[in-house]
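Report on one structure; see the data block that follows.
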Amino acid sequence: MIGTIEQIIKYLFNQDRNKKYEVKEYKKKRSLNANNYFWELTTELANVMRMNKEEMYFRLLQKYGQSEMVSVVANIDVKPYFKYYSEAGESILNGKTFKHYKVYKGSSEMDSKEMSILIDGLVSECELQNIPTRPREEIKSLLESWNNK
């Protein structure tokens, strides 16, 4: 359900009190055109660099994306918990070994400013490889249409 605080509270008061509910802030979804363009360029860059697009996507997240440092007890497998991450080291605290991971936010979780930085970085990488890109004004328009959706 999407609504104002009052609408959501009214709705929740009429629901089964034994169930659990999740409430989160509504964020506008990005334009499909901006997303399509991002993946189109990512695929082209990956082809030029001779790697698959998922590898290229992760490299772009590492270079231009948002991340957080997370520490986890060393014997815990983080694969089920984090989709995009890299190991950043380990340490011992109170006799327990912890591994530190840099965890990256996927593009589907980014807000418009974060996605804009990611696309700008991708465009710069493509220009370095002589891959044609759309004019900056057109890219700006794609991102603006995403912001106003």
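The values are calculated or read from the model by the stated rules, or taken from the named source; none is laboratory data. Quick caveat, the model's predicted, so the values are computed rather than measured. Note: ideal-geometry Cβ built from the backbone for every residue, glycine included; neighbour counts use all protein chains shown. Please note that ligands, DNA and RNA were not included when accessible areas were found on the heavy atoms of the full protein model with its side chains. Shrake-Rupley method; radii C 1.70, N 1.55, O 1.52, S 1.80 Å.
With R₀ fixed at 30 Å, the C-beta to C-beta distance from N36 to A74 puts the FRET efficiency at about 0.15.
Ligands, DNA and RNA left out, the 1.4 Å accessible surface of the chain is 49% carbon and sulfur atoms.
Here the chain is assigned +1 on the Cβ of each Lys and Arg and -1 on the Cβ of each Asp and Glu. Its dipole about the Cα centre then comes out at about 500 debye. Taking the average, over residues, of other Cβ atoms within 10 Å as the packing measure, peptides 115-127, 81-93, 57-69, 9-21 rank 115-127, 57-69, 81-93, 9-21 from highest down.
Coupling constants for the range 43-49 follow from the phi torsions by the Karplus curve (6.51 cos²θ - 1.76 cosθ + 1.60, θ = phi - 60°), and in residue order they are 5, 4, 5, 4, 4, 5, 7 Hz; glycine and proline get x.
The residue among Q129, L12, H100 whose Cα reaches farthest toward the positive pole of the charge dipole of the chain, with charges on the beta-carbon of Lys, Arg, Asp and Glu, is L12.
In this structure the range 1-140 gives 73 Å² per residue of accessible area when probed at 1.4 Å with all protein chains present. Among (i) 32, 29, 11; (ii) 40, 19, 10; (iii) 24, 18, 15, which one is semi-axes √(5λ) of the Cα gyration tensor in Å computed from these coordinates? The calculated read-out lines up with (i). Quick note on the range 54-94: its Rg to Rh ratio, both from C-alpha atoms and Rh being the Kirkwood radius, is 1.01.
Comparing T43, T97, T133 in a Gaussian network model of the chain, where Cα atoms under 10 Å apart are tied by springs, the biggest mean-square fluctuation is seen for T97.
The string of couplings for the range 100-105 from the Karplus curve (6.51, -1.76, 1.60, θ = phi - 60°) is 10, 10, 8, 9, 9, 7 Hz, one whole number per residue in order, with x for Gly and Pro. Between D111 and E90, full extension at 0.36 nm per residue minus the direct alpha carbon distance yields a gain of 4.5 nm.
Sequentially through the range 5-22, phi angles give Karplus couplings (6.51, -1.76, 1.60; θ = phi - 60°) of 4, 4, 5, 5, 4, 4, 4, 5, 5, 9, 9, 4, 6, 8, 8, 9, 10, 10 Hz, Gly and Pro residues having no value and appearing as x. Helical runs assigned H by DSSP (4 residues or longer) give the chain a calculated mean residue ellipticity at 222 nm of -14500 deg cm²/dmol, each run adding -39500 (n - 2.57) before division by the residue total.
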